[in-house]
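Novice: After the structure tokens below, expect a handful of questions from me.
The values are calculated or read from the model by the stated rules, or taken from the named source; none is laboratory data. Just so it is clear, the model here is predicted, and its values are computed rather than measured. Note that each Cβ is placed from the backbone with ideal geometry, even for glycine, and that neighbours are counted across all protein chains shown.
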Amino acid sequence: MQDKHCVRFLQSVLPQLQMRWPGFRKVRKQVCKRIHRRISELELSDVDAYQHYLQTHVNEWPILDHLCRVTVSRFYRDKVVLEHVRTEVLPELSKSAIDAGNTTLRGWSAGCAMGEEAYSLVLIWNETVGKQFPQLDIEVIGSDIDEVLLQRASRACYSYGSVKALPEAWLNSAFTQNINEYCLETRIRNKVSFFKLDIRDKLIKGPFHIVFCRNMAFTYFEYALQLEMLEHIRNNLVDGGALIIGGHESLPEGFSGFEQWSKQRAIFRKTRVNSE
Ligand SMILES: C[S@@+](CC[C@H](N)C(=O)[O-])C[C@H]1O[C@@H](n2cnc3c(N)ncnc32)[C@H](O)[C@@H]1O
């Protein structure tokens with residue numbers, strides 16, 4: 001299948017999945033390869049025939065949706081951002097949580113893939129910040145649409161490539177190293193609960209102190225859905241709570257209710273109602 005035919009196909013079908021083409025520009029090769037494979041499986045002649053097939057087979061849409069999913073992740077992704085979370089964001093959130101009488105800091109990783117992001121947050125807490133705030137603990141929810149990824153998240157064993165950005169001391173203290181994988185200790189795993197959820201249909205209720213929504217909604221979702229997602233996150237964050245987006249992402253134009261955290265373009269603070 002020629003690139004231009006696949007691009008034209010994606011531009012035409014993505015809006016029906018509430019997704020947008022620009023997010024797929026860089027990753028289209030892998031998505032087009034999967035679509036090409038599906039066309040062969042169905043013994044169709046080309047992408048136009050597949051488009052026609054979609055019009056007559058409503059059950060094919062969820063399959064196409066699955067083919068369009070990008071699931072890459074790793075521990076401590078966007079290191080500079082996570083370092084800022086460690087040194088600035090979590091300590092500030094912890095102080096406010098204690099002042100508000102909370103005993104648990106609550107986090108949500110929306111689109112958590114195999115749990116790398118959710119566990120990175122717990123690692124930051126356990127290995128560093130939490131030691132300054134012994135009266136607080138952390139609880140993280142990871143949600144994703146993909147059941148297979150979630151099963152692997154619960155197993156919590158990873159290749160070296162996936163964990164290599166973590167400080168070596170954390171690798172030694174929080175993982176057991178098997179032949180070719182690093183498995184997280186139960187005490188870290190127990191702080192994360194995973195849920196299967198398509199966030200286009202159903203959302204998780206907070207309140208959360210910190211939400212990670214990276215490399216999903218603000219890259220792949222259409223504008224209206226991005227705004228909806230942002231509104232939901234805002235409604236489920238405590239006042240002053242933090243939203244972390246991907247290092248190459250930005251919030252949808254015209255957003256409100258958040259301000260940038262220091263000069264970090266990937267970290268936002270929920271503004272209090274009376275400061276808007
Ligand atoms: C590229 S990964 C990002 C993982 C992690 N947030 C990160 O930045 O490293 C995107 C994840 O979003 C999930 N996803 C895509 N569409 C979704 C939806 N509608 N509802 C929930 N999860 C979704 C995918 O299954 C995938 O695991």
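Novice: Being of a type in the set (Asp, Glu) and in contact (Cβ under 8 Å) with a residue 24 or more places away in the chain is the filter here; which residues of region 183-209 pass it?
Specialist: If the condition is that a residue be of a type in the set (Asp, Glu) and in contact (Cβ under 8 Å) with a residue 24 or more places away in the chain, then Asp198 is the only one that fits.
Novice: Take the residues in region 120-161 that are within 17 Å of the chain's Cα centre (by Cα) and among the charged types (D, E, K, R); name whichever of them is farthest from the ligand (Cβ to nearest atom).
Specialist: Glu139
Novice: Within region 37-47, can one find any residue that is closer than 30 Å to Gly142 by Cα and surrounded by 13 or more Cβ atoms within 10 Å (Cβ to Cβ)?
Specialist: yes
Novice: Search region 110-121 for residues that are closer than 13 Å to Asn215 by Cβ and pair each with any residue that is more than 8 Å from the ligand (Cβ to nearest atom) and at pLDDT 95 or above when their beta-carbon atoms are under 6 Å apart and the residues are at least 6 apart or on different chains.
Specialist: Going by the 6 Å Cβ cut-off, the qualifying pairs are Cys112/Ala118; Cys112/Gly142; Glu116/Phe75.
Novice: Also, quick follow-up: Condition (residue is among the β-branched types (Val, Ile, Thr), free of Cβ contacts under 8 Å to residues at least 60 places away in the same chain and outside any strand (DSSP E or B)) applied to region 131-146: is it met by at least one residue?
Specialist: no
Novice: Okay, next question. Being within 13 Å of the ligand (Cβ to nearest atom) and of a type in the set (Phe, Trp, Tyr) is the filter here; which residues of region 219-237 pass it?
Specialist: Scanning region 219-237 gives Tyr220, Phe221.
Novice: Quick one: is Val192 farther than 30 Å from Leu17 by Cα, among the β-branched types (Val, Ile, Thr) and touching a strand residue (DSSP E or B) at 6+ places or on another chain (Cβ under 7 Å)?
Specialist: It is false that Val192 is farther than 30 Å from Leu17 by Cα, among the β-branched types (Val, Ile, Thr) and touching a strand residue (DSSP E or B) at 6+ places or on another chain (Cβ under 7 Å).
Novice: Which condition does Ile179 not pass, out of (1) modelled with pLDDT of 95 or more; (2) not in a strand (DSSP E or B), if it passes all the others?
Specialist: Checking Ile179 against (1) modelled with pLDDT of 95 or more; (2) not in a strand (DSSP E or B), the one that fails is (1).
Novice: Please specify each residue of region 147-162 satisfying the condition of being in a helix (DSSP H, G or I) and under 20 Å from Lys79 (Cβ atoms).
Specialist: Tyr160, Gly161, Ser162
Novice: Looking at Asn236, Asn180, Asn215 in this structure, which one is among the polar types (S, T, N, Q) and without any contact (Cβ under 8 Å) to a residue 24 or more places away in the chain?
Specialist: Going through Asn236, Asn180, Asn215 in turn, just one is among the polar types (S, T, N, Q) and without any contact (Cβ under 8 Å) to a residue 24 or more places away in the chain: Asn180.
Residue-wise test of (1) touching a Phe, Trp or Tyr at 6+ places or on another chain (Cβ under 8 Å); (2) at pLDDT 95 or above.
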{"residue": "Met1", "(1), (2)": "no, no"}
{"residue": "Arg8", "(1), (2)": "no, yes"}
{"residue": "Gln11", "(1), (2)": "yes, yes"}
{"residue": "Gly23", "(1), (2)": "yes, yes"}
{"residue": "Arg38", "(1), (2)": "yes, yes"}
{"residue": "Gln55", "(1), (2)": "no, yes"}
{"residue": "His66", "(1), (2)": "no, yes"}
{"residue": "Val72", "(1), (2)": "no, no"}
{"residue": "Glu83", "(1), (2)": "no, yes"}
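Novice: Still on this structure: Enumerate the pairs (first residue in region 70-89 and free of Cβ contacts under 8 Å to residues at least 60 places away in the same chain; second residue anywhere and within 13 Å of the ligand (Cβ to nearest atom)) with beta-carbon separation below 6 Å, excluding pairs fewer than 6 apart on the same chain, so at least 6 apart or on different chains.
Specialist: Leu82/Tyr76
Novice: Provide a single number: the residues in region 253-265 that are in a strand (DSSP E or B) and either outside the structural domain of Phe212 (by TED's automatic domain parsing) or farther than 13 Å from Glu88 by Cβ (or both).
Specialist: 3
Novice: Can you work out which of the residues in region 190-218 that are in contact with a Lys or Arg (Cβ under 9 Å, 6 or more places away or on another chain) and more than 15 Å from Ile145 (Cα to Cα) is farthest from the ligand (Cβ to nearest atom)?
Specialist: Ranking the candidates gives Pro207 first.
Novice: Listed residues Ala169, Ala165; which is of a type in the set (Gly, Ala, Ser), more than 16 Å from the chain's Cα centre (by Cα) and either in a loop (DSSP other than H, G, I, E, B) or within 14 Å of the ligand (Cβ to nearest atom) (or both)?
Specialist: Exactly one of Ala169, Ala165 is of a type in the set (Gly, Ala, Ser), more than 16 Å from the chain's Cα centre (by Cα) and either in a loop (DSSP other than H, G, I, E, B) or within 14 Å of the ligand (Cβ to nearest atom) (or both), namely Ala165.
Novice: Can I ask one more? Under 6 Å between Cβ atoms, at least 6 apart or on separate chains: pull out the pairs that start in region 247-259 with a residue that is in contact (Cβ under 8 Å) with a residue 24 or more places away in the chain and end on any residue that is outside any loop (DSSP other than H, G, I, E, B) and of a type in the set (Gly, Ala, Ser).
Specialist: If the second residue must be outside any loop (DSSP other than H, G, I, E, B) and of a type in the set (Gly, Ala, Ser), the pairs left are Gly247/Ala266.
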